[in-house]
Amino acid sequence: MRFETALDQQRHNLKLLEAQSHNSMPETLFGSNWEAHAVKVYTHEVFFDFQEDVKFSVNACSVCGYTPPDPVTNFEVSIIEDANKRKRYAVEYNRRTMDVCCACKLFERKGILCNHIIWICSGKFKEIPEKYILRRWSKNALRNPIYDLNGNLLENYDLTCNSKFGMSRVWSEIYATGDTLKEDEEGEEVEDED
């Protein structure tokens, strides 16, 4: 019973955060295109983390070295000096594939672009490239259609809404399929091989 209460509380908190994320907009502070795009696509909590990186990129980053793109590989390498951390990071940008990576590896660890990449790429792109917006951090992370086992669309169900009917239909299908499989297994005779 206690688990049900905790689960219900967790669902309630999730619904509140989802409603807040869709019905209000945090304030943008720096007027950058990337910040304006981030406020539209990220949840509030992730947006505030991203906004901190924008702030640091504006206040603490500067290019202290640059290697022009090689005609074969199309890589540009910029050395970014991060005054807050008193370190230098190499940011590689592939002009052909539009891939970017930083030596700090924040994106690989956390899934949000670091201030070093923001500093370099905000001048190259008007918006955050789609491949660098992970679905789990977006406002639409919980909005997925539901399909049956044959791949047919059951309904375009929003997991954050309070529709118990839709989910009960899905669970009924799952249990019915499980019961059918169980009956098939019980109906077959298994012979022991000696």
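The values are calculated or read from the model by the stated rules, or taken from the named source; none is laboratory data. Just so you know, these numbers come straight off a predicted model, no measurement behind them. Positions of Cβ are generated from backbone atoms using ideal geometry, with glycine treated the same way; all protein chains shown enter the neighbour counts.
Among the residues of region 101-151, those that are in a strand (DSSP E or B) and within 20 Å of ALA83 (Cα to Cα) comprise CYS101, CYS102. Within region 74-92, the presence of a residue that is in a helix (DSSP H, G or I), touching a strand residue (DSSP E or B) at 6+ places or on another chain (Cβ under 9 Å) and in the same structural domain as HIS116 (by TED's automatic domain parsing) is excluded.
Return the residue satisfying two criteria in turn: it lies in region 26-73 and is of a type in the set (Phe, Trp, Tyr) and not in a helix (DSSP H, G or I), and of such residues it is surrounded by the most Cβ atoms within 10 Å (Cβ to Cβ).
Initial filter on region 26-73 (of a type in the set (Phe, Trp, Tyr)): 30, 34, 42, 47-48, 50, 56, 66.
When the remaining residues are screened for being not in a helix (DSSP H, G or I), the result is 30, 42, 66.
Values: PHE30: 14, TYR42: 23, TYR66: 11.
Going through the qualifying residues, I end up with TYR42.
In region 77-96, is there at least one residue being charged (D, E, K, R), surrounded by 16 or more Cβ atoms within 10 Å (Cβ to Cβ) and out of contact with any Cys (no Cβ under 7 Å at 6 or more places or on another chain)? Checked against the condition, which is being charged (D, E, K, R), surrounded by 16 or more Cβ atoms within 10 Å (Cβ to Cβ) and out of contact with any Cys (no Cβ under 7 Å at 6 or more places or on another chain), region 77-96 yields no hits at all. Only one of these conditions is not met by CYS102: (1) of a type outside the set (S, T, N, Q); (2) free of Cβ contacts under 8 Å to residues at least 12 places away in the same chain; (3) closer than 26 Å to LYS139 by Cα. Which number is it? Tallying (1) of a type outside the set (S, T, N, Q); (2) free of Cβ contacts under 8 Å to residues at least 12 places away in the same chain; (3) closer than 26 Å to LYS139 by Cα, CYS102 fails exactly one: (2).
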